[in-house]
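Down below is the structure, laid out as structure tokens.
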């Protein structure tokens, strides 16, 4: 088997106390033809010192600071790292997670042998006590790796699970403005290009679960979470409108309507409801737009109307 160069891209921010374990797991890889690009998004701790020691130890490590003229955030750092990469394949990773020793080897073997554009393994969450558990309830194996299944949440994964042929990305980049669901947006746009991929039924990495991250999630109210998901779907529709088949557009629109019901309020027509109405018109769903406006008006006046909208968008 050929041993093409793999670019491991790691965005980081104030992870000096954890990134060493991540980089040690990179050093321990059984596959050795890699470059590890770490992009620092403005750390104020000792990240520079830690990275400097690894760069001196092994020239395959490369440390960059994200330019100040770019937006802050992990996705901006991921994009910048991609721009610096030289590998045939790309695998993004997080600066507090840990690779199994065959993390790269198993995926490169599969994509090279079967001439694939990408391959997806799976990961387990682990906590400070070392306890491990699946991060998703999804069972990807046995299901088709298609845009429809991904858009409709029949299959799922996290970014670090994916190794991708760099040339298959074309001009695709992570959305640097979205506050959440950036991975979903990115891989929806990637799959719409119909790349050839495969699931690998092996756990090859471990994702660290922080107590503070759990607490942060608990602070997000269900209402705000629905609002975020709705905004993300509206952005996704705009991103894929030129290439997506009608059945995919319809799946996303149905979900938008369902999410929109979650924060209706009698006597109020909010900006998102207006945006949903205009989106229905944009995609040529004139009758559904009329039905939707009827529901919004009924809800505004009476606080009722969901049964009507549900029957017309089922």
Here the averaged projected area of segment 1-52, based on the convex hull of its alpha-carbon atoms and given in nm², is 3.6
quick shape note, segment 6-216: Cα extents on principal axes in Å, largest first -> 45, 38, 36
At 7 Å along the Cα-to-beta-carbon direction for both residue 179 and residue 115, put a label point, then send me their distance in nm to one decimal.
-> 4.7
Extension gain from residue 31 to residue 271, taking 0.36 nm per residue of separation minus the Cα-Cα distance = 81.3 nm
Checking rank on 56-67, 162-173, 79-90, 2-13, with mean other Cβ inside 10 Å and highest first, the result is 2-13, 79-90, 162-173, 56-67
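Readers should treat all values here as calculations from the given coordinates under stated rules, not as data from a laboratory. Here the structure is a predicted model, which is why all the values come from computation and not from measurement. When we count neighbours, we look across all protein chains shown, and the Cβ atoms used for this are built from the backbone with ideal geometry, even at glycine.
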